[in-house]
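To start, the structure under review is shown below, and the notes come after it.
The values are calculated or read from the model by the stated rules, or taken from the named source; none is laboratory data. Bear in mind that the values here come from a model prediction, so they are computed numbers and not experimental data. Note: ideal-geometry Cβ built from the backbone for every residue, glycine included; neighbour counts use all protein chains shown.
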Amino acid sequence: MKLSDIKKYNFLGTHIDCLTYNYLLEKVDHWLGNKQSRSHHIAVLNAYCVTLAFKHSDLRRIYNQADIAGPDGMPFVYWMRLFLRRPCDRLDGPGVLIKLIERAKYKGYTFYLYGGHPEVVQKMKENLLARYSYLKIVGYHSPPFRKLTDEEDMLICEEINRLKPDVLCVGLGTPKQDYWIDEHIEKIRGAVLISSGALFDFLGGRIKRAPRFVSILCFEWLYRLFSKDFKRLWYRYTILNIVFLWNFILQLCGIIKFKTQYESRPES
């Protein structure tokens with residue numbers, strides 16, 4: 001299957017790909033076959049991402065230019081399975097990373113972790129290495145919360161390019177991590193950049209992830225809402241979810257129409 005053959009669904013102007021993990025892994029193998037090529041972007045999109053993109057055209061462009069825009073949410077998965085009549089897996093940050101780590105046992109992929117609180121990213125590294133003894137994490141960095149100077153940013157890019165990781169996990173929170181990837185995808189060569197969302201907090205032990213059956217029932221958002229991050233998440237999971245549902249209903253009714261064009265990045 002070619003990337004152009006993937007079915008996409010337009011959610012409020014943001015395209016989300018209907019694909020499986022098998023296809024994703026084959027695509028990553030192909031990308032990493034040429035370390036001199038440009039880097040590639042895997043975005044994992046949920047209703048929060050789509051709503052932000054609906055409000056901010058620059059973010060919508062970033063998502064629509066992603067090499068793969070995976071559905072991070074079972075409602076999206078169920079919807080696309082039903083209306084596109086194609087197999088579709090949930091491509092969330094932890095799921096994508098674990099699949100790539102398991103692939104690394106046979107492919108030898110290396111990883112770099114960028115983001116998270118210093119203690120969290122350190123603990124994430126320790127937990128991953130304890131679980132996957134063969135895993136190669138060539139580096140990690142927890143940037144300051146403030147905007148980096150040009151010199152600091154250049155040093156980080158030089159370090160990453162020197163270490164030549166195959167997979168670069170970017171965990172700066174949405175949408176900061178998406179803007180970072182857009183600004184650096186041309187500065188970093190031959191890597192697969194993943195917008196990791198809460199991945200660092202999950203694997204670093206700061207937040208407990210919802211049980212699988214909760215995710216299948218589409219209530220992971222409710223589980224997270226009543227976690228230790230209630231103050232930060234209540235607006236996202238109440239007001240912004242309502243904004244998404246209202247505008248999606250208007251889209252389905254044909255009252256609002258969103259452009260379906262998108263521009264992929266050239267491979268050269």
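Things worth noting here:
- Here Ala104 clears all of (1) modelled with pLDDT under 95; (2) surrounded by fewer than 21 Cβ atoms within 10 Å (Cβ to Cβ); (3) aliphatic (A, V, I, L, M) except the condition numbered (1).
- Hits in the range 18-61 (condition: surrounded by fewer than 14 Cβ atoms within 10 Å (Cβ to Cβ) and hydroxyl-bearing (Ser, Thr, Tyr)): Ser57
- Candidates Val50, Val77, Val28, filtered to the one that is in contact with a strand residue (DSSP E or B) (Cβ under 8 Å, 6 or more places away or on another chain) and either farther than 25 Å from Pro266 by Cα or without any contact (Cβ under 8 Å) to a residue 40 or more places away in the chain (or both): Val77
- Of the set (1) surrounded by fewer than 14 Cβ atoms within 10 Å (Cβ to Cβ); (2) out of contact with any helix residue (DSSP H, G or I) (no Cβ under 9 Å at 6 or more places or on another chain); (3) at pLDDT below 95, all apply to Gln177 but (1).
- Only one entry in Val138, Val170 is surrounded by 15 or more Cβ atoms within 10 Å (Cβ to Cβ), β-branched (Val, Ile, Thr) and under 26 Å from Asn46 (Cα atoms), namely Val170.
- Test: Leu225 is more than 19 Å from the chain's Cα centre (by Cα) and modelled with pLDDT under 80: yes
Okay, residues lined up against (1) farther than 22 Å from Asp72 by Cα; (2) over 18 Å from the mean Cα position of the chain (by Cα):
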{"position": "Tyr106", "(1), (2)": "yes, yes"}
{"position": "Leu128", "(1), (2)": "no, yes"}
{"position": "Ser133", "(1), (2)": "yes, yes"}
{"position": "Arg146", "(1), (2)": "yes, yes"}
{"position": "Tyr179", "(1), (2)": "no, no"}
{"position": "Glu183", "(1), (2)": "yes, no"}
{"position": "Arg189", "(1), (2)": "yes, yes"}
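- When each of Leu128, Leu168 is tested for being at pLDDT 90 or above, of a type outside the set (Gly, Ala, Ser) and more than 24 Å from His30 (Cα to Cα), the lone residue that passes is Leu128.
- Condition check for Ala53: in contact with a Ser or Thr (Cβ under 7 Å, 6 or more places away or on another chain) and on the phi < 0 side of the Ramachandran plot: yes
- Any helices (runs of 4 or more DSSP H) falling wholly within the range 42-143 and containing at least 1 residues that are of a type in the set (Phe, Trp, Tyr): 47-55, 57-65, 74-84, 93-107
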